[in-house]
Amino acid sequence: MKRIVILVFILLFFNFLAINSTLTNDDDDDDTKSLNEFNKWLINNKVYKNPKIEIKVLEKYGRSIVAKQSIKKNEKLISVPKLIIMSNMGGFSHHLPNEIYEPSISIGISPTNLQAIFLMYCKLNEKSFWYPYVSVLPKEFTTSIYFSEEELDELQSSKLKEFTIIRKDGIERHYNSTFTRLANRGILEFSPTPTQSLQQKGYTLELFTWALSCVWSRAFSLSDSDGGMVPLADMFNAEEISKSKVQPKVTDSTLDYYSSDDIEVGEQIFTPYGVYKPLSSSQMLMDYGFVFDHGTPSDNVAISVPVFHPDEPNIQVKQAILEENEVENEVFLLTKKNPLPNDLLLYARVKNLITKETKYAKIHFLSYQTKDQPLNIRNEKVSLRFLENLIHRYLDSYETTLDFDKQLLIENQHQQKITFNSLNSIKIRITEKEILLSTLNEIEKKREKLNNINNNDTD
């Protein structure tokens, strides 16, 4: 009897492996078929692809553009006709049905939401012009809106957690309002019927979220007034600027990409993210779904300072000084390049004024020559202590220390137990803690400088 049970278990196990293998092979076959159809579509629509490059599926990166042969600097890599770009100035008016395109653009929907709506239409309609392109877009994303609750919690006190929740709520709100407006405009494709709800037709919140994710992560700025998704060009994966070897060029009729350096055989060809619009690691994770190991030059921490209460001593003088210096909000950005910005220092110095200092403070802090300088030793000491306590409170609000987080990354290099999303969350909080510690270091430098001045005066 025991042997029979074991044999049955073994048969079930191998049956499971066979089914799982079949499903995997089916997925691979579907991907290969979609990629082949996409390549045919590119040829039919006169997209130039340098014969020295190819589309390959690479671990970690997914679909990527790789050099089959060595490529010299300034060689044209691809050329995409504007008429197949998914944008208003590109191909929307040429390739979308008039009964969908014309009324959709007439009701004031934002360009991003409009692109998402048209992307959904192409995804759900196999005969649509862009269906071969849409079929090779990523099926899932690693942006923060797709994080599980546990992965979001890994962000700890990072503002990115709050911004992600706000974005998710905004997506649902835009989904409801946008499709209500489209239905009220009488566009049948985007309207429920007596026998079919909008969701049953496929226009779900999940698909809208996917479409927006495609636009946020893959759309190109084509001009000051237009942007869109560019087939093939969006297969250049992103890396740090130093590893990028592509240079885009916009002509009257095409978007072209050239090699900006020599490219070796087998080398993946990268494009940089955040060149034209500097991005922080939090922005990159929110829009693109990844974080560079060493962050970006635009990394920052947003901190809030106490709001003045009505009974704040000398409140009118303090508010007048800050307003004259255009320091009118309670949120300040600490950055890698400038972890202790002058506007935060000014706020602290004004916040800690005492009555007998107010008359001179109005002259001192409203002068271009002296507004960024300490008022006096007493005020500076109190202001630095105030800022030090503020930054410590922010650091203490994280559940783990910087050293603990760094040790997690070291251990994961060997064991790889942390999910990709959780790993990115840890990288975000490491960056933020490093900036906060840099702020404390700058505060200490100013305190030492102040002590030296005080000692010299005493001598």
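The values are calculated or read from the model by the stated rules, or taken from the named source; none is laboratory data. Quick caveat, the model's predicted, so the values are computed rather than measured. When we count neighbours, we look across all protein chains shown, and the Cβ atoms used for this are built from the backbone with ideal geometry, even at glycine. Calculation scope for accessible area: heavy atoms of the full protein, side chains included, ligands and nucleic acids excluded. Shrake-Rupley method; radii C 1.70, N 1.55, O 1.52, S 1.80 Å.
If the requirement is being exposed (fewer than 15 other Cβ atoms within 10 Å of the Cβ) and in a helix (DSSP H, G or I), which of these qualifies: Lys445, Lys417, Lys433?
Exactly one of Lys445, Lys417, Lys433 is exposed (fewer than 15 other Cβ atoms within 10 Å of the Cβ) and in a helix (DSSP H, G or I), namely Lys445.
Assess whether Leu440 counts as being part of a helix (DSSP H, G or I) and of a type in the set (A, V, I, L, M, F, W, C).
Considered against the rule, which asks whether it is part of a helix (DSSP H, G or I) and of a type in the set (A, V, I, L, M, F, W, C), Leu440 comes out as yes.
Give the number of residues within segment 111-125 that are in contact (Cβ under 8 Å) with a residue 60 or more places away in the chain and either open to solvent by 10 Å² or more (accessible area, probe 1.4 Å) or β-branched (Val, Ile, Thr) (or both). Please lay out each step first, then the result.
Here is the first cut: in segment 111-125, the residues in contact (Cβ under 8 Å) with a residue 60 or more places away in the chain are 111-113, 115-117, 119-121, 123-124.
Next, from what is left, pick out any that are either open to solvent by 10 Å² or more (accessible area, probe 1.4 Å) or β-branched (Val, Ile, Thr) (or both): 111-113, 115, 117, 121, 123-124.
Number of matching residues: 8.
Looking at the structure I just gave you, is Phe220 surrounded by 15 or more Cβ atoms within 10 Å (Cβ to Cβ), within 21 Å of the chain's Cα centre (by Cα), at pLDDT 90 or above and outside any loop (DSSP other than H, G, I, E, B)?
When the stated conditions are applied, Phe220 does not pass them.
If you check Val317, Val291, Val307, which single one turns out to be under 30 Å from Ile354 (Cα atoms), among the aliphatic types (A, V, I, L, M) and part of a loop (DSSP other than H, G, I, E, B)?
Sole residue among the options that is under 30 Å from Ile354 (Cα atoms), among the aliphatic types (A, V, I, L, M) and part of a loop (DSSP other than H, G, I, E, B): Val307.
From the set of residues in segment 321-340 that are open to solvent by 80 Å² or more (accessible area, probe 1.4 Å) and over 25 Å from the mean Cα position of the chain (by Cα), which is nearest to Pro306 (Cα to Cα)?
My answer is Glu328.
Would you confirm whether or not segment 230-239 contains a residue that is out of contact with any Lys or Arg (no Cβ under 7 Å at 6 or more places or on another chain) and over 30 Å from Ser79 (Cβ atoms)?
No, because not a single residue in segment 230-239 is out of contact with any Lys or Arg (no Cβ under 7 Å at 6 or more places or on another chain) and over 30 Å from Ser79 (Cβ atoms).
State yes or no: is Ile43 over 29 Å from Glu140 (Cα atoms) and either open to solvent by 80 Å² or more (accessible area, probe 1.4 Å) or at pLDDT below 95 (or both)?
No.
Given the criterion in a loop (DSSP other than H, G, I, E, B) and β-branched (Val, Ile, Thr), identify the matching residue among Ile107, Ile100, Ile65, Ile43.
Of Ile107, Ile100, Ile65, Ile43, the one residue that is in a loop (DSSP other than H, G, I, E, B) and β-branched (Val, Ile, Thr) is Ile107.
Regarding Leu346, is this residue in contact (Cβ under 8 Å) with a residue 40 or more places away in the chain and open to solvent by less than 80 Å² (accessible area, probe 1.4 Å)?
no
When segment 46-60 is examined, which residues are found to be over 19 Å from Gln268 (Cα atoms) and either of a type outside the set (Val, Ile, Thr) or at pLDDT below 95 (or both)?
Lys46
Filter segment 288-314 for residues that are among the charged types (D, E, K, R) and surrounded by fewer than 20 Cβ atoms within 10 Å (Cβ to Cβ); which is farthest from Asn424 (Cα to Cα)?
Residue satisfying both the conditions and the ranking: Asp311.
Which one of these does Tyr368 not meet: (1) modelled with pLDDT of 95 or more; (2) surrounded by fewer than 14 Cβ atoms within 10 Å (Cβ to Cβ); (3) of a type in the set (Ser, Thr, Tyr)?
Every listed condition holds for Tyr368 apart from (1).
Can you tell me which residue within segment 270-288, out of those that are under 11 Å from Ala238 (Cβ atoms) and part of a loop (DSSP other than H, G, I, E, B), is nearest to the chain's Cα centre (by Cα)?
This residue is Tyr288.
Please enumerate the residues belonging to segment 46-94 that are under 28 Å from the mean Cα position of the chain (by Cα), of a type in the set (Ser, Thr, Tyr), within 23 Å of Cys122 (Cα to Cα) and open to solvent by 10 Å² or more (accessible area, probe 1.4 Å).
Ser79 - this is the single residue of segment 46-94 that is under 28 Å from the mean Cα position of the chain (by Cα), of a type in the set (Ser, Thr, Tyr), within 23 Å of Cys122 (Cα to Cα) and open to solvent by 10 Å² or more (accessible area, probe 1.4 Å).
Filter segment 366-411 down to the residues that are touching a residue at least 60 places away in the same chain (Cβ under 8 Å), assigned to a helix (DSSP H, G or I) and not polar (S, T, N, Q) and list them by number.
Correct list: Ile377, Glu380, Lys381, Leu384, Leu390, Ile391, Tyr394.
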